[in-house]
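Heads up, the thing below is written out as structure tokens.
The values are calculated or read from the model by the stated rules, or taken from the named source; none is laboratory data. Treat the numbers as computed from the prediction; the structure is a model and nothing was measured. Cβ placement follows ideal geometry from the backbone for every residue including glycine, while neighbour counts extend to all protein chains displayed. SASA here: full protein model, heavy atoms, side chains in, ligands and nucleic acids out. Shrake-Rupley method; radii C 1.70, N 1.55, O 1.52, S 1.80 Å.
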Amino acid sequence: MKSRRTSIHNGLALRRGFTLIEILIVTAIMTLVAGLGLFMGLDSYRRSQLRNEEGSLVGLLERARNRAMNNFLEMPHGVHFDSSPPEFVLFEGASYAASDPATREAVSRNAGITVNGFTDVVFDELSGDANPASTTISLYDGTRSVTIAINAEGQINW
């Protein structure tokens, strides 16, 4: 009897734990899930960066147009795109070059997002009309792009 208990006890002791194949399968599954999660997380991060850049630019454009329409300082207002350093600049006056550097408001932007379609957008005082008329601005992050359109009356569509 004693030997029988020992053999049963030893048999149970051998069955405790995991086999090497079970551990490898679980590790492979966990690696696959982590890899997919990382890929999805990076995609979500890039998408949020593009949306944040779009929101920042649209906010500056609306701010410039509101200042111009409210005749703030009785002059046009605009937004300038600068690539070095990467920033958007809110300025007062008919052009960025003629504006007073002391009154410019620079907002840094993400250097990883390409901006195409404009260097300056100026809104006329009181009317808010855009110059140049019918401007299209594209933001591109390498995989996706968003477009901001400004018509001749200064309406910003995004």
Projected onto their principal axes, the Cα atoms of segment 79-158 stretch, largest extent first, over whole-Å spans of 39, 28, 14
Please compute the modelled spin-label separation between residue 56 and residue 75, points set 7 Å along Cα→Cβ, answer in nm with one decimal.
2.5
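With a 1.4 Å probe and all protein chains left in place, how much of the accessible area of the chain comes from carbon and sulfur atoms, in whole percent?
Working: 5950 of 10130 Å².
Here carbon and sulfur together make up 59 percent of the probe-accessible area.
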Over the chain, the sum of -39500 (n - 2.57) across DSSP H runs of at least four, divided by residue number and rounded to 500 deg cm²/dmol, gives at 222 nm -14500 deg cm²/dmol
Pseudo-spin-label distance residue 155 to residue 44, built 7 Å along Cα→Cβ, given in nm, is 3.6
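For Cα pairs less than 8 Å apart in space and 6+ apart in sequence, what is the mean separation divided by the residue count of the chain, i.e. the relative contact order in percent?
18 percent.
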For segment 12-67, what log10 I(q)/I(0) values come out of the Debye formula at q = 0.25, 0.31 1/Å, with one point per alpha carbon and no solvent?
-0.93, -1.06
Round to the nearest 10 and give me the degree value, 0 to 90, for the angle of helix 20-69's Cα axis relative to the longest principal axis of the chain.
10
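Compute the FRET efficiency between residue 103 and residue 83 as 1/(1 + (r/R0)^6), taking r as their Cβ-Cβ distance and R0 = 25 Å, and round to the nearest 0.05.
Rounded to the nearest 0.05, the efficiency is 0.70.
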Compute the length gained on full extension between residue 66 and residue 32: take 0.36 nm times their separation in residues and subtract their Cα-Cα distance, giving the result in nm to one decimal.
7.2 nm
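Roughly speaking, what % of Cα-Cα pairs in the chain are separated by over 19 Å, rounded to a whole number?
Details: 7974 of 12403 pairs.
So the portion of pairs separated by more than 19 Å is 64 percent.
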Rounded if a/c is under 1.5, else prolate if a/b beats b/c, else oblate: with a ≥ b ≥ c from the C-alpha gyration tensor eigenvalues square-rooted, which is segment 49-97?
oblate
